[in-house]
Amino acid sequence: MGDLTTFETIIIAIVEGLTEFLPVSSTGHMIITQNILGVESTEFVKAFTVIIQFGAILSVVCLYWKRFFRLNHTPAPAGASALKCFLHKFDFYWKLLVAFIPAAILGFLFSDKIDEMLESVAIVAVMLVIGGIFMLFCDKIFSKGSEDTVLTEKKAFNIGLFQCIAMIPGVSRSMATIVGGMAQKLTRKDAAEFSFFLAVPTMFAATGYKVLKLFLDGGTEILVNNMPALIIGNVVAFVVALLAIKFFISFVTKYGFKAFGWYRIIVGGTILVMLLLGYNLEIG
């Protein structure tokens with residue numbers, strides 16, 4: 001099976017599928033899971049935790065395919081230029097691109113630094129706690145959004161800036177982008193769904209970049225030898241993410257984020273206590 005056993009592959013993929021779209025940090029949970037399983041942080045394992053996110057994002061395309069593959073058929077503003085007419089027709093994709101740009105630039109510039117932080121359980125734990133405390137109050141901090149709120153280019157870009165915060169392991173891309181959407185006056189449901197849509201180009205690019213980088217670094221053999229793990233991991237992540245998305249939308253619309261905040265605090269706090277007691281939880 002290569003660097004991962006079948007059991008390890010399935011467990012890590014289940015964790016990815018469950019947590020990718022929940023505001024609890026999928027990366028952080030996979031790092032913790034690796035540690036519990038005793039998985040060595042090899043170059044392939046680092047790539048694996050990114051590449052299986054591709055399976056999870058396909059669940060978004062599957063669940064929302066009618067909304068994801070759509071064009072704007074409303075009339076363009078009177079007197080609009082050819083470019084404006086084009087952007088108006090592809091309005092949905094244009095705003096996804098605008099929101100994606102900040103993370104694409106920073107992710108490319110700080111890729112190595114991000115990889116370094118991915119090995120730190122302490123960073124994950126601290127950010128889980130900080131993010132959890134914030135989530136206890138975020139429903140009150142941001143007034144209830146309106147279903148009539150229009151997602152402009154500026155608002156999409158601002159959500160993209162929020163997404164950049166999630167490059168710190170333990171923050172949660174889902175949490176950052178949903179909070180970013182709520183800060184732009186979107187409803188919790190609309191903010192969550194845009195977060196899901198934004199995951200598609202973001203995770204697709206992250207996966208592509210990680211695979212390309214591995215190829216350029218001479219990792220072709222590594223990928224080939226571990227292909228079964230990649231296939232199993234993506235399939236499992238896809239199936240589990242389908243269920244997680246349906247649960248999350250229903251739950252967060254009714255109850256908000258407080259439960260996820262407490263969960264983050266408990267998990268992060270437990271890890272910090274274990275580190276303070278001398279347990280070696282760092283991934284080697």
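The values are calculated or read from the model by the stated rules, or taken from the named source; none is laboratory data. Bear in mind that the values here come from a model prediction, so they are computed numbers and not experimental data. Positions of Cβ are backbone-derived with ideal geometry, glycine not excepted, and every protein chain shown enters the neighbour counts.
Scan the range 1-49 for residues that are outside any helix (DSSP H, G or I), closer than 16 Å to L230 by Cβ and among the acidic types (D, E) and jot them down. Let's see the steps before the verdict.
Quick first cut of the range 1-49, residues outside any helix (DSSP H, G or I) only: 1-5, 20-25, 38-42.
Now drop any that are not closer than 16 Å to L230 by Cβ, which leaves 1-5, 39, 42.
Within the range 1-49, D3 is the sole residue that qualifies.
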task: With the condition kept exactly as written, say whether any residue in the range 50-68 is part of a loop (DSSP other than H, G, I, E, B), at pLDDT 85 or above and aliphatic (A, V, I, L, M).
output: yes
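Residues being surrounded by fewer than 16 Cβ atoms within 10 Å (Cβ to Cβ) and either in contact with a helix residue (DSSP H, G or I) (Cβ under 6 Å, 6 or more places away or on another chain) or in contact (Cβ under 8 Å) with a residue 40 or more places away in the chain (or both): count how many of those fall in the range 72-82. Even if it seems obvious, please write down each step before you answer.
Filtering the range 72-82 for residues surrounded by fewer than 16 Cβ atoms within 10 Å (Cβ to Cβ) gives 72-75, 77-82.
Now restrict to residues that are either in contact with a helix residue (DSSP H, G or I) (Cβ under 6 Å, 6 or more places away or on another chain) or in contact (Cβ under 8 Å) with a residue 40 or more places away in the chain (or both): 72.
Adding up the residues that qualify gives 1.
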field: Breaking point among (1) under 22 Å from L58 (Cα atoms); (2) in contact (Cβ under 8 Å) with a residue 60 or more places away in the chain; (3) among the acidic types (D, E), for E119
entry: (1)
- request: Mind checking which helices (runs of 4 or more DSSP H) fall wholly inside the range 146-254 and carry at least 1 residues that are farther than 17 Å from Y64 by Cβ and of a type in the set (S, T, Y)?
  value: 188-216, 220-225
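Kindly evaluate R188 against the criterion of being of a type in the set (K, R) and within 18 Å of I57 (Cα to Cα).
On the way: of a type in the set (K, R): yes; within 18 Å of I57 (Cα to Cα): no.
Here the answer is no, as R188 does not meet what is asked.
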message: Show the residue pairs meeting these rules: Cβ distance below 8 Å; 6+ apart or different chains; first residue within the range 127-150 and of a type in the set (S, T, Y); second residue surrounded by 15 or more Cβ atoms within 10 Å (Cβ to Cβ).
response: S143/K185; S146/K185; S146/T187; T149/Q184; T149/K185; T149/L186; T149/T187; T149/D190
- prompt: If D91 passes every condition in (1) at pLDDT below 90; (2) surrounded by fewer than 19 Cβ atoms within 10 Å (Cβ to Cβ) but one, which one does it miss?
  reply: (1)
message: Out of F21, F69, I need the residue that is free of Cβ contacts under 8 Å to residues at least 12 places away in the same chain and closer than 20 Å to I245 by Cβ. Which one?
response: F69
